[in-house]
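Novice: Dropping the structure in here first, questions after.
The values are calculated or read from the model by the stated rules, or taken from the named source; none is laboratory data. Bear in mind that the values here come from a model prediction, so they are computed numbers and not experimental data. Quick reminder, even Gly has a Cβ in these numbers, built from the backbone with ideal geometry, and neighbours come from all protein chains shown. Accessible surface areas use protein heavy atoms only, side chains included; no ligands, DNA or RNA. Shrake-Rupley method; radii C 1.70, N 1.55, O 1.52, S 1.80 Å.
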Amino acid sequence: MAETPNPTDFSAPIPVCPVRGSVLYPTMVMPIDAGRGISIRAINAALDRDRTIVIASQRDRDVEEPKPKDLYEVGTACNIMRMKKNPDGSIQMLVRAFARVRIDRFHASSGLIEADVTPVEVPEGDAVMVQATFRELKEKFADLVENGSRQVQHEVAQFVMNLEDAGQFADYVAYHLEFKLADKQAVLEAASVEERLRKVLLLIDTELELQETQRRLQREVKEEIDRNQREYFLREQIKALQKELSGSDDEEDEVEAFRQKLEELDLPEVVLKEAQRELNRLSRMHPDSAEASVIRTYLTTLTELPWNTRSEDRLDIGMAGKILEEDHYGLEKVKDRVLEYLAVRKLKEERAKKGELDAFEVNKGPILLFVGPPGVGKTSIAKSIAKALGREYVRISLGGARDESDIRGHRRTYIGSMPGRIIQGIRQAGTKNPVFLLDEVDKLGASYQGDPSSALLEVLDPAQNNNFVDHYLGVPFDLSEVLFVATANYAQQIPEALADRMELIEFSSYIEQEKLEIAKRYLLPRQVTENGLKPNQLNMSDGAISTVVTSYTREAGVRNLERLIGTLCRKAARRIAEGDAKRVRITERSLEGYLGAQRFTPESEAEDNLVGVATGMYYTPVGGDILFVETSITPGKGGLVLTGQLGDVMKESARAALTYAKSNAERFGIPREVLDESEIHIHVPAGSTPKEGPSAGVALATSLVSALTGLPVRKDVAMTGEITLRGRVLPIGGLKEKILGAKRAGIKHILFPVKNAADMKDIATHLTKNLQMHEVDDLDDVLERALVGGMEALERRGGGGGSRKRSRRRSGKASEAGVRA
């Protein structure tokens, strides 16, 4: 709401009411208490006229009878809306301020001050600067309120934040915050809205710095108090030791304290019996003996374990699903499995209330094994599972563990013995049903001291772990209520007996679109906060993030992606700190200036249809891409040369492709002497990269047939599939990653085994947009779509009529069932 002059005649003198310690701004409706004669006379004079009065602030609030020289020359014109006279002669009035006025001349007589005034016209100033300063001021005011400022009540802060007029917002902030009177008056006298905003912004910045200094001082004082308390406790301990050395009865008090704890814990009978036996031994020993110290430590461990303490499961499936969705993008199989566990637990508890199930059946939890490449969220999803279930979370890393005692603990016959890491984790959690993460379970070692993976067999067997015996404790502890989650990078490195006890859930590598969403939702906001930036100080376009994903990282997860985003945030923070910019926007074009030249360049489709060059597809844990298979025919003795660091399986695929070509030589019009008197060289670039797997079989066969027949291969077709000697195309893995790699390379047609059709259901429709998907059953289907001219051109070379008809039938059948747009 802008300042609007009231229909008031400013040509005549207007009564002036002096106020102390405050400044009133236009558009405000405020109560004023008047007790001094000079103020009461001004109010009465205004009421006798048109109820208009000028509110002017005193320079010195201690002056009781102010004169014109004691007042500021700029005040606020107000209308008296209501007035009430009190029995003591004072007056309470409610005024509405409507304009800034400059006092041109004061008139003082008979204890009344009047003034000739002129309304002050306040221009906006630079519109862009006004809007930018207004936004900055709003953010700073919000920060001040969020930091717990007691100067502004919550309702008032909410009202101020909803103001849309920049000048009005600055006025209300200046009024409600505890600025100096001179500073508030300077805001009233500002020559433009832009200047007013700048003044308030400077004042609020100063206030924020003062608050930060105050908090730092409070922390230092608290640390000093804590240090004094520690010294007090140490002095008390020294006194206790001195009292013990003098022969007091503190040892008996300690035994009694242990005895009382054991009675309160409601321990299982076998555990209570062992604890009492050790306690009786302790009571008969000298307190300074080494054995007494061992027993004391044992009893302390025993009494601190959560024998009957458990977290109450949050069985609200909707809430759990919401938590999992907020914390992680994707990972649908894992989320579904957690919600299934909750649903089963909920139904079991309902049956237990009816007496249909016992407590063991209700509390028994699953044992999950997350397998996937590094950085795909295996460890972090375990934290979210604990959060969704309302349970405690414990993590132990098993990487490099080579000793059975790491799991089962040390026997108490050894000096410095302690419980195993399982019992230590339970003690740390404080409940007997935490979410327990066994990290890197595939990296367990073995030594002459035992095999820790064998010790885990009992821990992870639901039929046995309700009586897990740690060597240190020597008594059974119930682990059946623990939700164990194990993680691994390679399932084949986990001993078979151990893997058989766990439910395996595979984590595939993230695709480019998933990494983009993860970066936008989680990584970028986290790095912005960690690097001292505000959310509005750094903006990254989707194109820039996608370029970082495809051209600067090559990984299955998002760890390097987060590191690079952190690098961008630090560079932006430096620019802002040095004053080069207030906000930084990073686009695809400007990215190279921050991160340097691109590190990875994906393959792109061939420039033309070439003879002997076929496009295959491959995938690794870091994503999918295309590869080229090149075949050259030269005079020789009929040998087959394979280069490009091909693995054994890939070499066998090349030999199978050659056998297929020879067996169909007559049908394809390949002269026998070409096969017998030529050297066939197959190369798969890049030569320095090892390659393995059977899925390049169809690309090898297509490249070979093209080279032998002279028919070019279509450049916009990529293919994948294992082949047999009879030309059948067998299913392969990693179809989703391969399709995305081919799409990124500009491929238009994808040939994949018909037996992989079910895998297409797991691939979102938008990922295959603008791609023609073709299911193929045998190599005839592949050659029909991959070679220029298809099978008709091949068989025309061979002149086979019957073969042509058979090929057409097969091709037609595949076309009806196998083309998907």
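Novice: Looking at ARG408, ARG402, which is the one that is crowded, with 16+ Cβ neighbours inside 10 Å, among the basic types (Lys, Arg) and within 16 Å of LEU438 (Cα to Cα)?
Specialist: On the way: ARG402 fails: crowded, with 16+ Cβ neighbours inside 10 Å.
Of the residues listed, the single one that is crowded, with 16+ Cβ neighbours inside 10 Å, among the basic types (Lys, Arg) and within 16 Å of LEU438 (Cα to Cα) is ARG408.
Novice: Can you list the helices (runs of 4 or more DSSP H) lying wholly within segment 250-338 that have 3 or more residues being hydrophobic (A, V, I, L, M, F, W, C) and farther than 25 Å from ALA486 by Cα? I'd like the intermediate steps shown before the answer.
Specialist: Values: elements: 250-265, 269-284, 290-304, 317-327.
In segment 250-338, the matching helices (runs of 4 or more DSSP H) lie at 250-265, 269-284, 290-304.
Novice: Considering each residue of segment 279-318, count those that are in contact with a Lys or Arg (Cβ under 8 Å, 6 or more places away or on another chain) and either over 21 Å from GLU256 (Cβ atoms) or in contact (Cβ under 8 Å) with a residue 24 or more places away in the chain (or both), and give that number.
Specialist: 17
Novice: Same structure, new question: Select from segment 77-117 the residues that are in contact with a helix residue (DSSP H, G or I) (Cβ under 7 Å, 6 or more places away or on another chain), under 20 Å from GLU189 (Cα atoms) and open to solvent by less than 40 Å² (accessible area, probe 1.4 Å) and list them in ascending order.
Specialist: So the first thing to find is which residues in segment 77-117 are in contact with a helix residue (DSSP H, G or I) (Cβ under 7 Å, 6 or more places away or on another chain), and the list is 80, 83, 91, 93, 100, 106, 108, 111-113.
Now restrict to residues that are under 20 Å from GLU189 (Cα atoms): 100, 106.
Result: ARG100, single match.
Novice: Which is buried (at least 16 other Cβ atoms within 10 Å of the Cβ), of a type outside the set (S, T, N, Q) and modelled with pLDDT under 85, of VAL173, VAL120, VAL145?
Specialist: On the way: VAL173 fails: modelled with pLDDT under 85; VAL120 fails: modelled with pLDDT under 85.
One residue alone meets the criteria, VAL145.
Novice: Identify the residue in segment 676-710 that is of a type in the set (A, V, I, L, M, F, W, C) and touching a Gly at 6+ places or on another chain (Cβ under 6 Å) and, among all such residues, is farthest from THR620 (Cα to Cα). Don't jump to the end; show me each part of the working.
Specialist: Going through segment 676-710, the residues of a type in the set (A, V, I, L, M, F, W, C) turn out to be 680, 682, 684, 686, 696, 698-701, 704-705, 707-708.
Checking the rest, the ones that are also touching a Gly at 6+ places or on another chain (Cβ under 6 Å) come to 684, 696, 698-699, 707.
Working: VAL684: 16, ALA696: 14, VAL698: 19, ALA699: 18, ALA707: 28 Å.
Across segment 676-710, the extreme among qualifying residues is ALA707.
Novice: Go through segment 642-660 and count every residue that is open to solvent by 50 Å² or more (accessible area, probe 1.4 Å), in contact (Cβ under 8 Å) with a residue 24 or more places away in the chain and farther than 15 Å from VAL698 by Cβ.
Specialist: Result for segment 642-660: 2.
Novice: Go through segment 287-343 and give me each residue that's among the acidic types (Asp, Glu), under 24 Å from VAL376 (Cα atoms) and crowded, with 17+ Cβ neighbours inside 10 Å. Don't jump to the end; show me each part of the working.
Specialist: Start the filter on segment 287-343 by keeping residues that are among the acidic types (Asp, Glu), which leaves 288, 291, 304, 312-313, 316, 325-327, 332, 336, 340.
Filter once more, so that each one left must be under 24 Å from VAL376 (Cα atoms): 325-327, 332, 336, 340.
Within segment 287-343, ASP327 is the sole residue that qualifies.
Novice: Another one. Does GLY21 count as touching a residue at least 40 places away in the same chain (Cβ under 8 Å), more than 58 Å from the chain's Cα centre (by Cα) and on the phi > 0 side of the Ramachandran plot?
Specialist: Criteria not met by GLY21.
Novice: Just need a number here: residues in segment 671-692 that are open to solvent by less than 20 Å² (accessible area, probe 1.4 Å) and modelled with pLDDT under 85.
Specialist: Qualifying residue count for the region: 1.
Novice: Do the conditions hold for LEU533, that is, is it under 20 Å from the mean Cα position of the chain (by Cα), open to solvent by less than 30 Å² (accessible area, probe 1.4 Å) and closer than 24 Å to LYS138 by Cα? Spell out how you get there, then give the answer.
Specialist: Values: under 20 Å from the mean Cα position of the chain (by Cα): yes; open to solvent by less than 30 Å² (accessible area, probe 1.4 Å): yes; closer than 24 Å to LYS138 by Cα: yes.
So LEU533 passes the test.
Novice: Next up: Being open to solvent by less than 40 Å² (accessible area, probe 1.4 Å) and among the charged types (D, E, K, R) is the requirement here; does ARG395 meet it?
Specialist: Details: open to solvent by less than 40 Å² (accessible area, probe 1.4 Å): no; among the charged types (D, E, K, R): yes.
Spelling it out, it is not the case that ARG395 is open to solvent by less than 40 Å² (accessible area, probe 1.4 Å) and among the charged types (D, E, K, R).
Novice: Does segment 803-814 hold any residues that are closer than 11 Å to ARG667 by Cα and either open to solvent by less than 50 Å² (accessible area, probe 1.4 Å) or modelled with pLDDT of 75 or more (or both), and which are they? Spell out the reasoning first.
Specialist: The initial filter retains those residues of segment 803-814 that are closer than 11 Å to ARG667 by Cα, namely 803-804, 807.
Scanning segment 803-814 gives SER803, SER807.
Residues are listed down the side, and each one gets a yes or a no for (1) touching a Ser or Thr at 6+ places or on another chain (Cβ under 6 Å); (2) over 19 Å from CYS17 (Cα atoms); (3) not hydrophobic (A, V, I, L, M, F, W, C):
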residue	(1), (2), (3)
MET93	no, no, no
ARG102	yes, no, yes
LEU112	no, no, no
VAL117	no, no, no
GLU124	no, yes, yes
GLU139	no, yes, yes
ASP143	no, yes, yes
GLU155	no, yes, yes
MET161	no, yes, no
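Novice: Applying the selection to segment 629-641, what residues are open to solvent by 30 Å² or more (accessible area, probe 1.4 Å) and either free of Cβ contacts under 8 Å to residues at least 40 places away in the same chain or outside any loop (DSSP other than H, G, I, E, B) (or both)?
Specialist: GLU630, SER632, ILE633, THR634, PRO635, LEU640, VAL641 - these are the residues of segment 629-641 that are open to solvent by 30 Å² or more (accessible area, probe 1.4 Å) and either free of Cβ contacts under 8 Å to residues at least 40 places away in the same chain or outside any loop (DSSP other than H, G, I, E, B) (or both).
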